[in-house]
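First up is the structure itself, then whatever we jot down about it.
The values are calculated or read from the model by the stated rules, or taken from the named source; none is laboratory data. What you see is a predicted model, and the numbers here were worked out from it, not measured in a lab. Note: ideal-geometry Cβ built from the backbone for every residue, glycine included; neighbour counts use all protein chains shown. For accessibility, only protein heavy atoms count, side chains too; no ligands or nucleic acids. Shrake-Rupley method; radii C 1.70, N 1.55, O 1.52, S 1.80 Å.
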Amino acid sequence: MKLIETGKAPAAIGPYSQGWVAAGLVFTSGQIPIDPATGAAPEGITAQAEQSCKNVQAVLEAGGSSLGKVVKTTCFLADMGDFGAFNEVYARYFTGKPARSCVAVRELPKGLLCEIEAIAELDR
């Protein structure tokens, strides 16, 4: 197993890692829409979905994979009313249409609107 650490995605805000490489796969932790350069989150679901996707991409790349190798995502929304806007952004990044679960949760860290985690094959 190999720990993934990158400054191109936000650092973990608890006792967990950004991700791991194991058994030929990359497992990302849930990526919230924090800009790693500023530590701030953008406003609105569209901008937050965009940042979460960029953060997932950064962790995948640090682990030796890419968005095109994603086989499964789990998406968390603070409001299912944001589902359509979230999907518009998500579809631009996850063009391979990986398997996905998308659920509304009562609350996300820091009052954010979305979070995305992914499982991907390693690039070979």
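Here is how the numbers come out for the structure above:
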quantity: Long-range HN-HN contacts of Glu115 with modeled amide H, under 5 Å; calculated: Phe76
quantity: Inverse of mean 1/r across different Cα pairs in the chain, Kirkwood, Å; calculated: 14.2
quantity: Sum of -39500 (n - 2.57) over DSSP H runs of 4+, divided by residues of the chain (222 nm, nearest 500); calculated: -7500 deg cm²/dmol
quantity: Exposed-site-free run, longest, the chain (rule: GluC sites (Glu not before Pro); DSSP loop; at most 14 other C-beta within 10 Å); calculated: 44-106
quantity: Extreme residue, positive dipole direction of segment 1-76, given options Cys75, Ala41, Ser65 (C-beta unit charges); calculated: Ser65
quantity: Solution diffusion estimate, µm²/s, Stokes-Einstein, segment 22-95, Kirkwood Rh from C-alpha pairs, 20 °C, viscosity 1.002 mPa s; calculated: 166
quantity: Solvent-accessible surface (1.4 angstrom probe) belonging to Cys53, in square angstrom, nearest 10; calculated: 0
quantity: Distance violations [Cα-Cα > 22 Å] among Lys69/Lys97; Lys2/Lys110; Lys54/Lys110; Lys2/Lys69; Lys2/Lys97; calculated: Lys2/Lys110; Lys2/Lys97
quantity: Net lengthening on full extension, Arg92/Ala23 (0.36 nm per residue, minus Cα-Cα); calculated: 22.0 nm
quantity: The chain - charge dipole about Cα centre, Lys and Arg +1 at Cβ, Asp and Glu -1, debye rounded to 20; calculated: 380
quantity: Cβ-isolated cysteines (cut-off 4.7 Å), the chain; calculated: Cys53, Cys114
